[in-house]
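These notes are about the structure you will find just below.
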Amino acid sequence: MTDNKNKYDLTKGPILQRLVKMAMPLMANSFMQMAFNLFDMFWLSRMEGESGGPVAAAGTAGMYFWLSMAFVFVGRMGAQVGVSQNMGKGDKAEAKRYAQNAFAVGIGLGVIYGVAMIIFQTPLIGFFNMDDQHVITMAQQYLVATAIGMPLIFANHVITGVFIGFGNTKVPFIINSSTLALNIAITPLFIFTFDMGIIGAGLATVVTAAINFIAKIWVMSKYKDRPFEKYRPFGKLDGVIVKQIFKWGGPVGIESGFFTLMFMVVTRFVADFGTGAIAAQRVGSQVESLAWMMSGGFGSALAGFMGQNFGARKFGRMRRTYRISLAVMGGYGAFVGVVLFFLASPLVGIFLDCPEEIRMGAEYLQVFALTQMLACMEEAAFASFMGMGKAYKSTIVSCTSNIIRVAVVYLMVTFTDMGLLGIWVGVAISVTIRSVWLLVWYKIYERKAVPKSDEEVTKGLV
């Protein structure tokens, strides 16, 4: 194995160049994930005689796939922070122990979550109170099909976190993007050629998750730029390390899970306007992912970058990195906002053909276009807190703002005649509150606790 000490050392060198080089593969992978989601919707919308039913079914069942990220993040972020901080300290052996323990945590949580999806499929889909039994049946079928692959999906995310913490984002990008491309290619085969319908869409995801898993296990063991010389996925479980993994990853998981749960409550309000409204929300949210998935990829790189510099106590470098990240994310968010606002109807029209559904989806995009710049900038604060092991701060902000979201949506639906547009506006208001709050909190925290130079030491950071 080659010496990667300097190659993946993020504590030295030009910040923007190193950060962009690390972020680009993750952002490209996020783009591929977005492309897969959009193609998935496209093929489902082309199922003969189904109109928007399959899109609505996959959208409701997909909520629980989304909810799984609450548990995925425990292992992934625990691995990412543990590896990055210990790499920054120069303790590769301890970094390896975090990688192995996080893998065990990820597999365990994946099994539990997948089994729960299968056992409780009826009440889980029943939560949305849809009135179309055919759509309900398709949603249950999609839910069970994707549940089979949960342990593999969880494990894949943990290994991605290990590579990000190590500073090598190229390897997970190549594997993830390749398998996503494969997923895009085989999904229509499973849906149409094999005549499996919506079940085929779910099984195609499971097949590519298995291929992804095999490839990642190989690179962790054999690839020349792997993080560790000798690596076995499972090592001796260490209670102290497992506890720390939950301490780091738990707040992110809680934040993600609570966000999804509140989104599901909002979707329950949307369901009152019919399955067409659910389909419009599904399409709108997936097109909007052009912004938040790409910014999330940048944020993952930034968290690893901050983690290594925190471990090395390069506080001045951390401050400069944050400023650069704010500028990059703000510019990107502004650009996406303009695209979504002015191209809303054509974008939605790619996936839906009903004029009323297109109108509802276009309104969704135009409202959320106004939130994109702040939401992308928020990712810089979130990732910086994560890199320092202070994820609980963003969890507090996110959970509180999501409670506000449901309250505002309820008020909009109950006391205004805006209808579905009121729901979109209510959610956008809560997004803005969350973004401003987190950005201000990080600024205050940085002034008080992050030294201005690498030589200073502040107890508040430890």
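Taking 0.36 nm per residue of separation and subtracting the current Cα-Cα distance, fully stretching the chain between V20 and V339 would add 112.6 nm.
Among the chymotrypsin sites (Phe, Trp or Tyr not before Pro) found in region 229-293, those both in a DSSP coil and sparsely packed, with 15 or fewer other Cβ atoms within 10 Å of their Cβ, are F234. Summary value for the chain: 22 percent relative contact order, contacts being C-alpha pairs under 8 angstrom separated by 6+ residues. The magnitude of the dipole of region 336-462, with charges of +1 and -1 set on the Cβ of Lys/Arg and Asp/Glu and taken from the Cα centre, is near 620 debye.
What the chain shows is 40 Å² of accessible area per residue, with the surface traced by a 1.4 Å probe over protein heavy atoms.
Calculate, for V111 and Y223, the FRET efficiency according to 1/(1 + (r/R0)^6) with r their C-beta to C-beta distance and R0 25 Å; round to the nearest 0.05. Approximately 0.40, to the nearest 0.05.
Around A70, what is the net charge, scoring Lys/Arg as +1 and Asp/Glu as -1 over all other residues with Cβ under 12 Å from its Cβ? Around A70, the charge tally is 0.
Rounded to 0.05, the FRET efficiency of the I119 and L189 pair, given R0 = 35 Å and the Cβ-Cβ distance, is 0.75.
Would you mind calculating the relative contact order of region 397-455 from Cα pairs under 8 angstrom and at least 6 residues apart, reporting the percent as a whole number? Relative contact order, region 397-455: 35 percent.
The alpha carbons of region 30-86 give a radius of gyration and a Dmax of 16.3, 55 Å, in that order. For region 1-121, rounded, prolate or oblate, judged on the Cα gyration tensor with a ≥ b ≥ c (square roots of eigenvalues), a/c < 1.5 rounded, else prolate if a/b > b/c? Oblate, because a/c is 1.5 or more while a/b does not exceed b/c. Place a point 7 Å from the Cα of S178 along the Cα-to-Cβ direction; which residues of region 218-239 have their backbone N under 15 Å from it? Residues passing the 15 Å test: 218-226.
I148 contributes about 100 Å² of solvent-accessible surface, heavy atoms of the protein only, 1.4 Å probe. So, in Å, what gap is there between the alpha-carbon centers of region 149-213 and region 334-403? Value for the Cα centre distance between the two parts: 24 Å. The phi-based Karplus calculation (6.51 cos²θ - 1.76 cosθ + 1.60; θ = phi - 60°) puts the 3J(HN,Hα) values of region 229-238 at 4, 10, 9, 10, x, 9, x, 5, 5, 10 Hz, whole numbers, x for Gly and Pro. Across region 415-431, computed HN-Hα scalar couplings (Karplus, 6.51 cos²θ - 1.76 cosθ + 1.60, θ = phi - 60°) run 10, 10, 9, 6, x, 4, 4, x, 5, 4, 5, x, 5, 4, 4, 5, 4 Hz from first to last residue, x flagging Gly and Pro.
The charge dipole of region 19-129, taken about its Cα centre with unit charges on the Cβ of Lys, Arg, Asp and Glu (plus for the first two, minus for the last two), comes to roughly 540 debye.
Per-residue surface analysis assigns L189 an accessible area of about 80 Å², computed on protein heavy atoms at 1.4 Å probe radius. Largest first, the residues L237, L109, L343 sort by 1.4 Å accessible area into L237, L343, L109.
If you take the Cα centroid of region 120-135 and the Cα centroid of region 272-308, the two points sit 24 Å apart.
Entry note: region 265-403 has Rg to Rh equal to 1.08, where both radii use alpha-carbon atoms and Rh is the Kirkwood radius. Packing, taken as the mean count of other beta carbons within 10 Å per residue, orders the peptides 293-302, 385-394 from highest to lowest as 293-302, 385-394.
Axis of helix 15-45 versus longest Cα principal axis of the chain: the two differ by about 20°, to the nearest ten degrees. Computed over region 136-255, the range of Cα coordinates on each principal axis works out to 47, 34, 23 Å, biggest value leading. A Förster distance of 45 Å, applied to the separation of the beta-carbon atoms of N129 and K247, puts the FRET efficiency at 0.75. Expressed as a rounded percentage, what relative contact order does region 129-246 have, with Cα pairs under 8 Å and six or more residues apart? Once normalised by length, the contact order is 30 percent.
For a label point 7 angstrom out from the Cα of Y410 toward its Cβ, which stretches of region 266-288 have the backbone nitrogen within less than 18 Å? Taking a point 7 Å out along Cα→Cβ of Y410, the residues of region 266-288 whose backbone N falls under 18 Å are 266-272.
A simple charge model with +1 on the Cβ of Lys and Arg, -1 on the Cβ of Asp and Glu and nothing else charged puts the dipole of the chain at about 2740 debye relative to its Cα centre. The helix-based estimate of mean residue ellipticity at 222 nm for the chain, built from -39,500 (n - 2.57) per DSSP H run of four or more residues and divided by its residue count, is -27500 deg cm²/dmol to the nearest 500. Considering only the Cα atoms of the chain, their convex hull presents on average a projected area of 20.4 nm². Taking N as the residue count of region 222-329, its C-alpha radius of gyration divided by 2.2 N^0.38 Å amounts to 1.52. Protein-only accessible surface at a 1.4 angstrom probe places the residues H157, H134 in the order H134, H157, largest first.
Between T432 and K236, residue separation times 0.36 nm minus the direct Cα-Cα distance comes to 66.1 nm.
The Cα-based radius of gyration of region 334-461, divided by its Kirkwood radius, gives an Rg/Rh of 1.11.
Of the trypsin sites (Lys or Arg not before Pro) found in region 202-263, the ones in coil according to DSSP and having at most 11 other Cβ atoms within 10 Å of their Cβ are K224, K230, K236. With θ taken as phi - 60° and the Karplus curve 6.51 cos²θ - 1.76 cosθ + 1.60 applied, the whole-hertz 3J(HN,Hα) list for region 61-75 is 5, x, 4, 7, 5, 5, 4, 4, 4, 4, 8, 4, 5, 4, x Hz, x standing for glycine and proline. Dipole of region 322-462 computed with +1 at Lys/Arg Cβ and -1 at Asp/Glu Cβ about the Cα centre; of A383, V408, F368, farthest Cα towards the positive end is A383. For the chain, leaving out every one of the GluC sites (Glu not before Pro) that falls in a DSSP loop and has at most 12 other Cβ atoms within 10 Å, the longest unbroken run is 230-454.
The values are calculated or read from the model by the stated rules, or taken from the named source; none is laboratory data. The model shown is predicted, which means the values in this text are computed figures rather than measured ones. Note that we place each Cβ from the backbone using ideal geometry, even for glycine, and neighbour counts take in every protein chain shown. These area figures cover heavy atoms from the full protein model, side chains too; ligands, DNA and RNA do not enter into them. Shrake-Rupley method; radii C 1.70, N 1.55, O 1.52, S 1.80 Å.
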